[in-house]
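Engineer: Sharing a structure below in structure tokens format, with a few things to ask.
The values are calculated or read from the model by the stated rules, or taken from the named source; none is laboratory data. In this text, all values refer to a predicted model and were calculated from it rather than measured experimentally. Every residue, glycine as well, gets a Cβ built from its backbone with ideal geometry; the counts of neighbours run over all protein chains shown.
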Amino acid sequence: MVSFAKGTSLAQVHSRRHVEVFRRAASLLKRRADEIGSKELVLLADRALQGPSDPLHYLIRMIEELLPKLQSELGSLVQKKAMCDKELSVNNYTRHTKSTLIQELHSTVEQNHAELHSIFYQLKALDESLDKGRKELVEASKMREEEKVRNAGAIKEAHSAQLAVEQAKEVLEAVYARAALLQTDVSALDDVQGSYDGHGARGGVLAMLEVLITDFTKLEADTNDAEAAALQKYQDFKTECLKDVKVKEIEKAHKEGRREKLNAEILTAEKDLKLTEKELQAAQDYFAELKPICINGEPSYEERQAKRDKEIGALREALSLLA
């Protein structure tokens with residue numbers, strides 16, 4: 001920036017300068033005005049050329065009046081530039097941060113909705129699995145109870161049959177014993193027995209009874225073993241089923257808690273989104289106000305500053321001719 005020396009005394013300009021000096025100064029101002037595109041210098045030169053009979057002093061006075069004005073305008077331009085730089089910087093930061101935050105909030109809402117969609121089907125699958133597990137346990141318990149009743153009946157029947165055969169054997173043995181004491185014709189007794197078992201031997205019936213006792217005893221033992229195995233299998237299934245149900249209930253509770261958290265986050269994000277969108281709109285509105293002042297419609301600060309410097313330089317150059 002070119003400054004006008006305060007010590008310069010316009011009164012020292014020689015009053016008897018030839019009119020040609022004045023015209024040279026006026027022509028210089030006009031040329032510089034055309035080069036710079038300065039309306040102020042054009043107006044100054046035209047007014048000087050059309051001025052009073054003492055144009056030299058008149059031009060000096062106009063230059064003296066115009067210089068402070070241009071310097072003041074340059075100072076205002078600097079202040080305006082500082083204001084624009086600051087406001088545009090803050091506004092740009094605000095618009096950028098708000099836009100970024102809006103994108104993040106939209107992303108949060110979308111991601112949470114997507115996760116909620118997934119959790120919905122996960123909970124549905126868990127409910128179906130839990131219902132299936134509980135039904136299977138109920139069905140298994142029912143079948144176990146029915147099997148228990150059947151086994152108990154079979155055991156009871158086998159035991160009763162075993163006792164009955166043992167009693168029959170005891171009775172038959174007693175009959176044989178009495179026959180021997182009474183010296184009954186053993187042959188006749190054998191004939192009777194033979195008619196029963198087809199072998200004609202007394203021991204045939206007893207042997208058959210022994211086999212029956214053994215079979216019923218084995219049937220009772222086998223049924224007891226089968227009952228114990230079935231009970232163990234049921235208990236193992238029940239334990240595993242209850243464990244699976246417990247795990248899935250915990251998982252379900254966790255997912256339900258996650259669902260509540262996601263819904264709360266969505267509500268918060270949507271609330272923040274509305275507020276941030278209002279703040280962004282306010283920043284955009286303010287930017288629209290700044291644009292005609294700081295960006296559009298006028299030359300850049302550098303161009304305007306250069307023009308003012310050239311205008312002041314032209315005035316000093318004209319004064320040097322008039323001095």
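Engineer: Which residue out of 155, 119 is at pLDDT below 95 and closer than 30 Å to residue 240 by Cβ? Don't jump to the end; show me each part of the working.
Structural biologist: Details: 119 fails: at pLDDT below 95.
Result of the check over 155, 119: 155.
Engineer: In the set 137, 172, 126, 130, which member is closer than 27 Å to residue 229 by Cβ and assigned to a helix (DSSP H, G or I)?
Structural biologist: Just a single option satisfies the conditions, and that option is 137.
Condition check ((1) touching a strand residue (DSSP E or B) at 6+ places or on another chain (Cβ under 9 Å); (2) more than 30 Å from residue 283 (Cα to Cα); (3) exposed (fewer than 11 other Cβ atoms within 10 Å of the Cβ); (4) in contact (Cβ under 8 Å) with a residue 12 or more places away in the chain) across all residues:
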position: 82; (1), (2), (3), (4): no, no, no, no
position: 91; (1), (2), (3), (4): no, no, no, yes
position: 113; (1), (2), (3), (4): no, no, no, yes
position: 116; (1), (2), (3), (4): no, yes, no, yes
position: 121; (1), (2), (3), (4): no, yes, yes, no
position: 143; (1), (2), (3), (4): no, yes, no, no
position: 147; (1), (2), (3), (4): no, yes, no, yes
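Engineer: What is the one condition in (1) within 30 Å of residue 245 (Cβ to Cβ); (2) surrounded by fewer than 16 Cβ atoms within 10 Å (Cβ to Cβ); (3) among the small types (Gly, Ala, Ser) that residue 75 does not satisfy?
Structural biologist: (1)
Engineer: Looking only at the range 213-229, which residues are of a type outside the set (D, E, K, R) and surrounded by fewer than 17 Cβ atoms within 10 Å (Cβ to Cβ)? Give the steps one after another, and end with the answer.
Structural biologist: Step one: filter the range 213-229 for residues of a type outside the set (D, E, K, R), giving 213-214, 216-217, 219, 221, 223-224, 226, 228-229.
Hits for the range 213-229 are 214, 217, 221, 224, 226, 228, 229.
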